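Below is one structure; the comments refer to it alone.
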Amino acid sequence: MKKKIVLFFLPGLIFFSMYGAYRYYGHYKEEQRRAVYYENLVDTSSPTVTVLRDSILVGYRNEKKTIHIYVPPNYDRDSTSRYPVMYFMDGESSFNDLENMGPEWQIDEVINAASTNGQPTAIVVGINQAEDRDAEYTPFINEDNPDAHGAEFAKWVATDLKQWIDGNYRTKQEATTTTIGGISRSGMMAYYMLMAHPDVFGNAVIQSPAMWVDHDRLMAMNLTNTHLSSKKIFVSVGEYEGSMMIGHAKEIYNKFKEQGLSDRQLHFEMIPNEGHWHVTWRKSFALAYPWLMEQ
């Protein structure tokens with residue numbers, strides 16, 4: 001009897017052993033691949049990207065933050081022109097593989113190409129995430145995030161940081177020329193900041209938004225018809241990001257569509273064959289930028 005039981009379970013034991021070994025080997029090979037990738041990382045940022053490391057005071061936290069600032073290639077050659085400004089959270093990923101320790105979004109490459117082709121250019125400010133990213137990128141205190149201070153962070157970007165950028169660079173300062181953007185949790189924050197500070201941020205790049213953080217309260221936020229009339233909103237998600245992420249991205253798009261935004265003001269993009277990672281957001285920005293810059 002015992003022999004029969006052993007024989008009955010033996011194929012399953014062999015299968016699970018082989019599957020475990022396969023998973024371990026796959027994980028080992030992936031770690032090897034990443035190690036080689038990290039060893040070969042180089043600085044991929046453009047010459048017009050400046051990193052201000054631990055330099056900008058976040059007053060409500062009494063701590064310094066790193067920001068990355070890109071100016072177009074012709075910025076120093078033309079001392080009179082003013083430029084639209086884009087603010088991106090998780091900004092260490094904006095310009096440089098070495099800063100991101102992974103694939104950057106190639107924001108500088110996209111705008112450099114636009115400049116070469118005589119198309120509109122912009123200043124871009126990449127804002128480093130905090131050590132406690134979840135707290136900084138959560139607007140409402142809830143059970144999962146009792147230390148959330150996203151609302152205060154949003155106000156800091158909309159007031160203190162924007163005033164500093166406007167005071168030190170030749171910017172166009174009106175809302176229609178000011179964009180807020182992010183990915184995943186900061187993509188959700190881009191949505192929040194568009195809604196919470198509509199007089200500051202006229203445009204948003206909302207990529208793979210993690211609306212599950214506080215879905216009901218976020219989706220309950222609304223703008224007046226006056227504010228909606230001047231917005232441009234780009235929403236994107238990867239094809240392989242899962243039903244929840246895709247559903248929430250579509251929900252944001254449908255919300256604004258039902259409120260009357262035209263195709264000139266609102267765009268949804270499903271990034272084919274990509275999941276929740278930086279190459280998705282690289283491809284997304286390459287599509288978002290020319291659409292946002294259309295007159």
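The values are calculated or read from the model by the stated rules, or taken from the named source; none is laboratory data. Being a predicted model, the structure only gives us computed values, none of them experimental. Every residue, glycine among them, receives a Cβ derived from its backbone with ideal geometry; neighbour counts consider all protein chains shown.
Does Glu274 meet the test of being acidic (Asp, Glu) and in contact with a Lys or Arg (Cβ under 9 Å, 6 or more places away or on another chain)? Talk me through it step by step, then tell me what you get.
On the way: acidic (Asp, Glu): yes; in contact with a Lys or Arg (Cβ under 9 Å, 6 or more places away or on another chain): yes.
Here the answer is yes, as Glu274 does meet what is asked.
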For this session: Have a look at Thr121, Thr138, Thr179 and point out the one that is touching a Pro at 6+ places or on another chain (Cβ under 6 Å) and β-branched (Val, Ile, Thr).
Result: Thr121
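For the range 75-83, does any single residue satisfy the condition of being among the β-branched types (Val, Ile, Thr) and modelled with pLDDT of 95 or more? I'd like the intermediate steps shown before the answer.
Narrowing the range 75-83 to residues among the β-branched types (Val, Ile, Thr): 80.
Subsequent filtering for residues that are modelled with pLDDT of 95 or more retains none.
No, there is no match, as no residue in the range 75-83 is among the β-branched types (Val, Ile, Thr) and modelled with pLDDT of 95 or more.
Scanning for something closer than 30 Å to Val205 by Cα, surrounded by 10 or more Cβ atoms within 10 Å (Cβ to Cβ) and at pLDDT below 70, does the range 37-53 turn up at least one residue? First the steps, then the outcome.
Looking only at the range 37-53, we keep the residues that are closer than 30 Å to Val205 by Cα, and these are 37-38, 41-53.
Now narrow it down to the ones that are surrounded by 10 or more Cβ atoms within 10 Å (Cβ to Cβ): 37-38, 41, 43-46, 48-53.
Within this subset, residues satisfying the condition of being at pLDDT below 70 are 37-38.
Yes, that holds for at least one residue.
Criterion first (within 28 Å of Gly247 (Cβ to Cβ), of a type outside the set (Ser, Thr, Tyr) and in contact with a Pro (Cβ under 8 Å, 6 or more places away or on another chain)) does Ala210 satisfy it?
On the way: within 28 Å of Gly247 (Cβ to Cβ): yes; of a type outside the set (Ser, Thr, Tyr): yes; in contact with a Pro (Cβ under 8 Å, 6 or more places away or on another chain): no.
When the stated conditions are applied, Ala210 does not pass them.
Conditions (1) exposed (fewer than 15 other Cβ atoms within 10 Å of the Cβ); (2) at pLDDT below 95; (3) touching a strand residue (DSSP E or B) at 6+ places or on another chain (Cβ under 9 Å), marked per residue:
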site: Ile233; (1), (2), (3): no, no, yes
site: Gly242; (1), (2), (3): yes, no, no
site: Ile246; (1), (2), (3): no, no, yes
site: Ala249; (1), (2), (3): no, no, yes
site: Ile252; (1), (2), (3): no, no, yes
site: Gly260; (1), (2), (3): yes, no, no
site: Arg264; (1), (2), (3): yes, no, yes
site: Glu269; (1), (2), (3): no, no, yes
site: Arg282; (1), (2), (3): no, no, no
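Any residue at all in the range 69-84 that's part of a loop (DSSP other than H, G, I, E, B), surrounded by 12 or more Cβ atoms within 10 Å (Cβ to Cβ) and of a type in the set (Gly, Ala, Ser)?
Within the range 69-84 (the criterion being part of a loop (DSSP other than H, G, I, E, B), surrounded by 12 or more Cβ atoms within 10 Å (Cβ to Cβ) and of a type in the set (Gly, Ala, Ser)), the answer is yes, since at least one residue qualifies.
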